[in-house]
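Take this structure, written in structure tokens, and hold onto it; I'll ask about it next.
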Amino acid sequence: AVGGANLVTFLLTPIWGSLADYYGKRSMLLRASLGFGVGFIVLALSPSLGVFMPVYILIGAFNGFLPFGMALVAANSPLHASGRAITTLYSGTLIGATMGPSIGAFLAPHLSNPLGLFWSGSVLFFGAAAAVLFLVRERRVVQTEPFHLDVVTDIGFLLRSTQLRRLLLVTFAFSFTFWGATPIISLFTMELVPDGSYGGFGLEAWVGGAALGMTITTAMALPLWGRLLDRYDPALLLSISLVLGSVCTLLVPFSTTPLWLLVSRALLGALGAGTQPAVIRLIKDSAPTGMDAR
């Protein structure tokens with residue numbers, strides 16, 4: 001289900017990017033939040049896995065709130081404050097990504113039907129849509145040419161930029177390592193706590209700590225990275241964050257206790273946190289005019 005939804009997201013994101021550049025990024029935020037809100041209602045009413053699976057996969061078509069939110073903030077923030085604006089939004093993403101599974105895991109055992117969680121999710125999405133509709137503003141250039149969709153040509157044009165190709169590679173490597181290792185870290189933690197407890201804490205506490213530790217330190221470090229991005233060359237800060245993050249990543253395989261693993265992940269969160277905001281700031285600087293969402 002998750003893989004299928006991500007595949008649909010991957011295939012449609014370039015199309016949404018073209019529409020965002022023409023009609024505005026705010027419209028894409030409304031599309032994503034309203035689409036997810038309606039989709040989660042359908043999920044809550046799903047009578048069987050045969051209905052749940054295809055609906056969940058199709059919901060991937062409405063994905064993209066975060067990247068278009070980042071693009072909107074980057075495009076509408078003054079250059080001297082764009083680093084702080086980007087890292088603030090990114091902090092919200094991390095906190096939500098941490099709180100969501102935690103709250104869901106807490107509520108699920110107390111519900112007669114776990115599908116009830118999708119009702120609350122739908123309410124949150126509609127709340128996000130209302131916030132975008134009434135509170136978010138966008139400076140947008142009125143287009144004089146008719147809309148024309150040519151995804152292949154657009155991607156080819158963008159990839160001819162050496163800077164954007166490098167940033168694409170960096171983003172892929174960062175996501176693959178920073179987020180892709182999350183389920184493996186949980187399994188690794190279980191191996192490090194074979195007896196079910198360590199240092200007076202149970203296995204569940206250590207598994208949660210390995211996941212939460214990185215998120216918490218990332219959220220704490222992002223405001224500092226944001227201030228640095230507003231004062232110094234983002235390319236230099238990207239290099240520093242990548243080097244520091246790589247060193248912290250190298251510590252993980254040598255962990256012999258869950259405490260060592262937790263500290264390694266926490267350091268990775270703090271020192272590698274500047275990578276993605278620096279990439280977004282560099283995209284803002286290097287994207288061709290009118291193609292920043294793409």
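Taking amide H positions as placed 1.01 Å from N in the peptide plane, with prolines and chain starts having none, which residues 5 or more places from residue 201, or on another chain, fall under 5 Å of its amide H?
Those qualifying (amide H under 5 Å, at least 5 residues apart or on another chain) number zero.
Just round it to a whole percent: the fraction of Cα-Cα distances in the chain exceeding 32 Å.
33 percent
So if each residue of separation counts as 0.36 nm, and I subtract the Cα-Cα distance between residue 99 and residue 247, what length gain in nm does that give?
50.5 nm
Shifting gears a bit: Hey, any idea what % of the chain's accessible area is carbon plus sulfur with a 1.4 Å probe?
Reported share for carbon and sulfur atoms: 74 percent.
Here is a follow-up. Taking 0.36 nm per intervening residue step and subtracting the Cα-Cα distance, what contour gain separates residue 175 from residue 113 on full extension?
My answer for the length gained is 19.0 nm.
Put a dot 7 Å past each Cα toward the Cβ at residue 236 and residue 152; how far apart are the dots in nm?
Distance between label points: 4.4 nm.
Give me the 1.4 Å probe accessible area per residue for the stretch 114-168, excluding ligands and nucleic acids, in Å².
75 Å²
Let me ask you something else. For the stretch 1-154, with the dipole built from +1 on Lys and Arg beta-carbon atoms and -1 on Asp and Glu ones, taken about the Cα centre, which of 135, 148, 62 lies farthest toward the positive end?
Sorting the options by dipole projection puts first 135.
Then there's this: Are there chymotrypsin sites (Phe, Trp or Tyr not before Pro) in the stretch 176-229 that DSSP marks as loop and that have at most 14 other Cβ atoms within 10 Å, and which are they?
For chymotrypsin sites (Phe, Trp or Tyr not before Pro) across the stretch 176-229 that sit outside H, G, I, E and B with at most 14 neighbouring Cβ atoms in 10 Å, the list reads 179.
Can you sort 232, 56, 90 by 1.4 Å-probe accessible area, starting with the largest?
The ordering from most to least exposed comes out as 232, 56, 90.
What length, rounded to one decimal in nm, is gained on full extension from residue 23 through to residue 160, with 0.36 nm per residue of separation minus their alpha-carbon distance?
46.8 nm
Could you do me a favour and compute the accessible area per residue for the stretch 195-289, 1.4 Å probe, result in Å²?
Ligands and nucleic acids excluded, the figure is 48 Å² per residue.
Next question, about the same structure. How far apart, in nm, are the 7 Å Cα→Cβ label points at residue 186 and residue 51?
If labels sit at residue 186 and residue 51, their model points lie 2.7 nm apart.
Placing unit charges on C-beta atoms (Lys and Arg positive, Asp and Glu negative, everything else neutral), compute the dipole magnitude of the chain about its Cα centre in debye, rounded to 20.
So the magnitude is around 640 debye.
Do me a favour and compute the ellipsoid semi-axes for the stretch 27-145 from its Cα gyration tensor, root of five times each eigenvalue, largest one first, whole Å.
Computed over the stretch 27-145, the values are 31, 18, 11 Å.
The values are calculated or read from the model by the stated rules, or taken from the named source; none is laboratory data. This is a predicted model, so every value here is computed, not measured. Cβ coordinates were reconstructed from backbone atoms using ideal geometry, including for glycine residues, and neighbour counts include every protein chain displayed. Note: areas computed on protein heavy atoms with side chains; ligands, DNA, RNA excluded. Shrake-Rupley method; radii C 1.70, N 1.55, O 1.52, S 1.80 Å.
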